[in-house]
Structures are given as C-alpha cells and as structure tokens.
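What follows is one structure encoded as structure tokens, with my remarks underneath.
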C-alpha cells in the first residue's frame, strides 16, 4: 500500500475554481509510476473519500482563497487549513471538511499535502482561468511531480 493518490478538485464552470481541473488535465498527460494514480474529484464533496483509500500518500489539488497573492502556489499540510484561513469552498464545505471526515473513518491517515494556488476569484458560469491562475498551472504540475517522484 505504498500508493500515492493525486486528487484534483474544482468546478471549471466557475472561473478560477476550475484550477484543479486544469491541473488534472495536465497531470493526465504525464507518465506516472505504477504506484501513482490521478483522480478527478470535481465537486465530489464527501464522495471524494473513496479516492483517499488504499494509499499511503495523498496530494489534494484545489483553488485557495485568503492565503496570499493571486497566482502564488502553496504546499500545505492539513493543519495549515485549520489555522483560520478559509479554503475556497465553492464545492460544498471544502477540503477541511473532507479531512475531518477522513479522520473519523481511517486509521492510520495517509501523509497528506494540499497543493493549491491563490486565485483571483470565482466567477459563476464563466469558463476559463484568470491570467495569474493559468500561469500557475504548469508550475503546479512540476511541483507535484517533485513531491511524487523522489
């Protein structure tokens, strides 16, 4: 069970909230070792718990709000989300809620990292990312490869 799961969240119909989906598209074009799996969680909410099974490492990819400057990429631990900063939650209660649910049903927890970009904002029913968020996609893919392939 030395698997690594990369789970991407977002809603491509809401502007920058589609960041995780753009990263997912790019990740799917990459060749990964057999012990790495990439998942599109979209707006799955708690249904995404299934993507966190049978793995020892998890990388969650999502848009972030209130962390810094638009376009800035972050690698966080789950406790970083609990420190008063609000993760973008256009798809329900967001990653912090998902991680709390995971604690209730799984022992031991996998090693979890959250990779996200500070977005400019959510634009309902707008397809496409802002310029700064789009520029962060390729660098985010490189960063994830560095976290996965050691």
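Anything in region 75-106 that is assigned to a loop (DSSP other than H, G, I, E, B) and modelled with pLDDT of 90 or more? List them, or say none. Spell out how you get there, then give the answer.
Filtering region 75-106 for residues assigned to a loop (DSSP other than H, G, I, E, B) gives 77, 82-93, 106.
Passing the criteria: 77, 106.
Restricting attention to strands (runs of 3 or more DSSP E) lying wholly within region 1-74, give those where 3 or more residues are touching a residue at least 60 places away in the same chain (Cβ under 8 Å). Outline the logic, then answer.
On the way: elements: 4-9, 36-42, 57-64.
Output list reads 4-9, 57-64.
Restricting to region 107-150, name every residue that is within 16 Å of residue 55 (Cβ to Cβ) and in a strand (DSSP E or B).
Narrowing region 107-150 to residues within 16 Å of residue 55 (Cβ to Cβ): 107-115, 144, 147-150.
Listed by number, the residues that qualify are 111, 112, 113, 114, 115.
Quickly run through region 123-136 and pick out the residues that are touching a helix residue (DSSP H, G or I) at 6+ places or on another chain (Cβ under 8 Å) and surrounded by fewer than 18 Cβ atoms within 10 Å (Cβ to Cβ).
Residues satisfying the conditions are 123, 127, 128, 134.
Looking at region 18-29, is at least one residue in contact with a strand residue (DSSP E or B) (Cβ under 6 Å, 6 or more places away or on another chain), within 18 Å of residue 97 (Cβ to Cβ) and modelled with pLDDT of 95 or more?
yes
Kindly provide the set of residues from region 8-38 that are within 17 Å of residue 142 (Cα to Cα) and surrounded by 19 or more Cβ atoms within 10 Å (Cβ to Cβ), ordered by number.
Of all residues in region 8-38, those within 17 Å of residue 142 (Cα to Cα) come to 8, 19-33, 36-38.
Matches in region 8-38: 8, 19, 20, 21, 22, 23, 24, 27, 36, 38.
Return the pair list, or none, for Cβ contacts closer than 8 Å from residues in region 126-150 that are touching a residue at least 24 places away in the same chain (Cβ under 8 Å) and on the phi > 0 side of the Ramachandran plot to residues that are buried (at least 17 other Cβ atoms within 10 Å of the Cβ) and in a helix (DSSP H, G or I), at least 6 apart or on different chains.
The qualifying pairs are 128/18.
The values are calculated or read from the model by the stated rules, or taken from the named source; none is laboratory data. Since the structure is predicted, the reported quantities are computational estimates derived from the model, not experimental observations. As a convention, Cβ positions derive from the backbone with ideal geometry for all residues, glycine included, and neighbour counts pool all protein chains shown.
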